[in-house]
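For reference, the structure discussed in these notes is given below.
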Amino acid sequence: MNNRVVLSVKGSDRHSFLQGLVTNDVKRARDGIIYTALLTPQGKLITDFFVVGQEDALLIDVAAETAPTLFQRLSMYKLRADVQITETELVVSTGLGAMPDEAVIDPRGPQMGWRYYGQNGIGQDIDWDAQRVAHGIPELGRELNSESYILEMGFERLNGVDFKKGCYVGQEVTARMKHKTELRKGLRRITLSEQVVEGTPIHSGEKEAGTVHTVSGGEALAYLRFDRISDDMTAGAARVTVLPE
């Protein structure tokens, strides 16, 4: 996947360094992989990524478009920590079915297959948009952006946040959304009676209720106001039905 960059984090403080910054428990990545995110102090998304444990390093698998921002933020936070962050030449491959040796299962759920890190890519022709829509999985630049709150985007269901790990950047806002408020907006799966383009507004009667995001066949992911979900929803000329969670 040439739209991904793999960073290497080495040094004796690598685990404690990331542990104090990201939404998930980095200890779980010592012998495997986690899905996580870096947030602003206001709890909004900077980027999502995977952390993969190796014997002498932690690998960060991140979208190429936000890799420079993530590298800059991590470098800013490291201060005097014994941490060295470098960009590797590893290639990210993803697939379904039989796993290559040393591949790891996608921590968001087995429906997203496996991820493999090597010098050369392993090709599989898979409609990942269809997989994401079928299982309610957001993607950076499509559903996820700098205004996203991770709980609205399903990160708890996707194993991307840990509420017992302790402090991290944006933790107070995230914890408050979890324990003290009821989510009023969020990502939902919908059906469409006819094809519409990504970005089409959704209306409930005369009121705007959300936006269509990734479309696959007659289904899509949509960001919705929950209080405006109704039986009278449209996106352009298409009728919209919200699917059960």
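The values are calculated or read from the model by the stated rules, or taken from the named source; none is laboratory data. All values reported here derive from a predicted model rather than from experimental measurement. Here the Cβ is made from the backbone with ideal geometry for all residues, glycine too, and neighbour counts use every protein chain on show. Surface accessibility is based on the protein's heavy atoms, side chains included, excluding ligands, DNA and RNA. Shrake-Rupley method; radii C 1.70, N 1.55, O 1.52, S 1.80 Å.
Within the range 1-26, the residues that satisfy the criterion of being at pLDDT 95 or above, open to solvent by 10 Å² or more (accessible area, probe 1.4 Å) and farther than 16 Å from residue 85 by Cβ are 4, 25.
Here is the figure for the range 106-127: residues that are farther than 23 Å from residue 89 by Cα and not in a loop (DSSP other than H, G, I, E, B) total 3.
Of the strands (runs of 3 or more DSSP E) lying entirely inside the range 155-232, those carrying at least 2 residues that are charged (D, E, K, R) are 185-192, 207-216, 219-225.
Please determine whether any residue of the range 53-63 is part of a strand (DSSP E or B), open to solvent by 30 Å² or more (accessible area, probe 1.4 Å) and at pLDDT 95 or above. Even if it seems obvious, please write down each step before you answer.
Of all residues in the range 53-63, those part of a strand (DSSP E or B) come to 53, 58-63.
Right, trim to open to solvent by 30 Å² or more (accessible area, probe 1.4 Å) and you get none.
Scanning the range 53-63 turns up no residue that is part of a strand (DSSP E or B), open to solvent by 30 Å² or more (accessible area, probe 1.4 Å) and at pLDDT 95 or above.
Any residue in the range 98-106 that is more than 15 Å from the chain's Cα centre (by Cα), of a type in the set (Gly, Ala, Ser), within 29 Å of residue 243 (Cβ to Cβ) and open to solvent by 50 Å² or more (accessible area, probe 1.4 Å)? So far as the range 98-106 goes, no, none of its residues is more than 15 Å from the chain's Cα centre (by Cα), of a type in the set (Gly, Ala, Ser), within 29 Å of residue 243 (Cβ to Cβ) and open to solvent by 50 Å² or more (accessible area, probe 1.4 Å). Beta carbons closer than 8 Å, at least 6 apart along the sequence or on distinct chains, pair a first residue in the range 132-153 that is closer than 14 Å to residue 170 by Cα with a second that is hydroxyl-bearing (Ser, Thr, Tyr) for 149/174; 150/23; 150/174; 151/174. Within the range 200-228, residues that are farther than 16 Å from residue 142 by Cβ and touching a residue at least 40 places away in the same chain (Cβ under 8 Å) reach partners that are of a type in the set (A, V, I, L, M, F, W, C) and crowded, with 21+ Cβ neighbours inside 10 Å with beta carbons closer than 7 Å, at six or more positions or on different chains, in the pairs 225/209. Scanning the range 131-162 for residues that are charged (D, E, K, R) and open to solvent by less than 10 Å² (accessible area, probe 1.4 Å) yields 132, 143. Taking first residues from the range 108-130 that are on the phi > 0 side of the Ramachandran plot and partners that are part of a strand (DSSP E or B) and surrounded by 13 or more Cβ atoms within 10 Å (Cβ to Cβ), the Cβ contacts under 8 Å between residues at least 6 apart in sequence or on separate chains come to 113/94; 113/95; 113/105. Residue pairs whose Cβ atoms lie under 7 Å apart, sitting 6 or more positions apart in sequence or on different chains, and linking a residue in the range 18-37 that is in contact (Cβ under 8 Å) with a residue 24 or more places away in the chain and assigned to a strand (DSSP E or B) to a partner that is polar (S, T, N, Q) and open to solvent by 10 Å² or more (accessible area, probe 1.4 Å), are 35/159.
Within the range 217-233, which residues are closer than 15 Å to residue 243 by Cα and either open to solvent by 30 Å² or more (accessible area, probe 1.4 Å) or basic (Lys, Arg) (or both)? Once the filter is applied, which keeps residues that are closer than 15 Å to residue 243 by Cα and either open to solvent by 30 Å² or more (accessible area, probe 1.4 Å) or basic (Lys, Arg) (or both), the range 217-233 yields 217, 218, 219, 223, 225, 226, 228, 229, 230, 231, 232. On inspection, residue 81 does not qualify as among the small types (Gly, Ala, Ser), touching a residue at least 24 places away in the same chain (Cβ under 8 Å) and surrounded by 20 or more Cβ atoms within 10 Å (Cβ to Cβ). Count of the range 191-209 residues, restricted to those that are closer than 12 Å to residue 230 by Cα, at pLDDT 95 or above and out of contact with any strand residue (DSSP E or B) (no Cβ under 6 Å at 6 or more places or on another chain), is 1.
Taken over the range 69-93, the criterion of being part of a helix (DSSP H, G or I) and more than 26 Å from residue 122 (Cβ to Cβ) is satisfied by 69, 72, 73, 74, 75, 76, 77, 78.
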